[in-house]
Amino acid sequence: MEFITQMVLSGILSAALSVIAYKFRMLTFSGAIASFFVGYTVGVFGSVYWLILLVAFTFVGLAATKVDFGEKRRNNLQEGDYGERTHRNVLGAGLPACLVAVLYGVLHVFFGKDYDLAVTVAFITVLSVAAADTVASEIGIRDKRVWLITTFERVKRGTNGGVSVLGTLSSLAAAAFTGAVGWLLIFGGLGADGIYILVPITMGVAGSLIDSVLGATLERRGVISKYLNNAASALIAAAAGMAIVLFV
């Protein structure tokens, strides 16, 4: 695909995603603007296929927000008034994807295809972590049996660092779905490197657990925000996934 065409398609898809999400009250105005820039960066520096995967993940995550929304609202566990995300939510999940996309573009220019596989796995991992964390939070909130991941003491739903059986199983399903769909969309099949499809799936769940650990420790103490927690967890998992491809 010619670069100019890639830029135009990325702009159209990113704008469409932002407008639709804003119209359906999935994003605030600031969230929609942030969503456009995240999508455009991923599409231009990565590829249109990367952007399509990002769009698919975004709508899956936003749809999960609407599950049992009435109950979440009654318990004051929802995002915003209608489950909408602000620019902070978008950037917390989207900046890691942008950074990996820029890394992909830079390495591709200077080293050709030498690092394409490793960085692409890192990108899919970022989305797997985001999907696992979002679904674990939005679906797992239905489970009233919650434990703090660091001490395993019982805590209330919505507690930073709290985990549940339903939430953990949901995160595994979300990571598996995102990792598998992402791999097949970008690579078109398993191929000779198909074994690496397990990396974004495994690291997706690991990243979600890292998010919970950071939530139970640094976030709970006010050292970091939940948005920085989201970004840090995704980047740690992505770096680990990239290292596995390069050195294992």
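The values are calculated or read from the model by the stated rules, or taken from the named source; none is laboratory data. Quantities reported herein were computed from a predicted structural model and do not represent experimental measurements. Don't worry about glycine lacking a Cβ; one is built from the backbone with ideal geometry, like all the others, and counts go over all protein chains shown. In case anyone asks, the SASA skips ligands and DNA or RNA and just uses the protein heavy atoms, side chains included. Shrake-Rupley method; radii C 1.70, N 1.55, O 1.52, S 1.80 Å.
A few notes on this one:
- Test: residue in segment 157-173 that is in contact (Cβ under 8 Å) with a residue 60 or more places away in the chain and either of a type in the set (F, W, Y) or under 23 Å from P96 (Cα atoms) (or both): yes
- Cβ-Cβ under 6 Å pairs, at least 6 apart or on other chains, segment 201-228 side open to solvent by less than 30 Å² (accessible area, probe 1.4 Å), far side among the acidic types (D, E) and in a helix (DSSP H, G or I): S208/D133; D211/D133
- Long-range neighbours under 9 Å by Cβ, at least six apart or interchain, first residue assigned to a loop (DSSP other than H, G, I, E, B) within segment 138-154, second open to solvent by 30 Å² or more (accessible area, probe 1.4 Å) and among the acidic types (D, E): I141/D68; I141/E71; R142/D68; R142/E71
- Residue in segment 239-247 that is in contact (Cβ under 8 Å) with a residue 40 or more places away in the chain and buried (at least 23 other Cβ atoms within 10 Å of the Cβ) present: yes
- Only residues that are open to solvent by less than 40 Å² (accessible area, probe 1.4 Å) and either assigned to a loop (DSSP other than H, G, I, E, B) or within 17 Å of L127 (Cα to Cα) (or both) were counted across segment 160-185, and they come to 12.
- Put simply, of A174, A238, A192 the only residue that is more than 30 Å from T151 (Cβ to Cβ) and small (G, A, S) is A192.
- Residue list for segment 214-248, restricted to those being assigned to a helix (DSSP H, G or I), within 21 Å of R88 (Cβ to Cβ) and among the hydrophobic types (A, V, I, L, M, F, W, C): L214, A216, L218, L228, A231, A232, A234, L235, I236, A237, A238
- Qualifying residue in segment 188-196 (condition: farther than 25 Å from R142 by Cβ, surrounded by 14 or more Cβ atoms within 10 Å (Cβ to Cβ) and modelled with pLDDT of 95 or more): yes
- Selection count, segment 1-18, where residues are in contact (Cβ under 8 Å) with a residue 24 or more places away in the chain and outside any helix (DSSP H, G or I): 1
- Looking only at segment 1-50, and only at residues there that are exposed (fewer than 15 other Cβ atoms within 10 Å of the Cβ) and among the aromatic types (F, W, Y), the one that is modelled with the lowest pLDDT: F24
- Single residue of segment 83-106 satisfying the filter (of a type in the set (V, I, T) and touching a Ser or Thr at 6+ places or on another chain (Cβ under 8 Å)) that is farthest from V126 (Cα to Cα): T86
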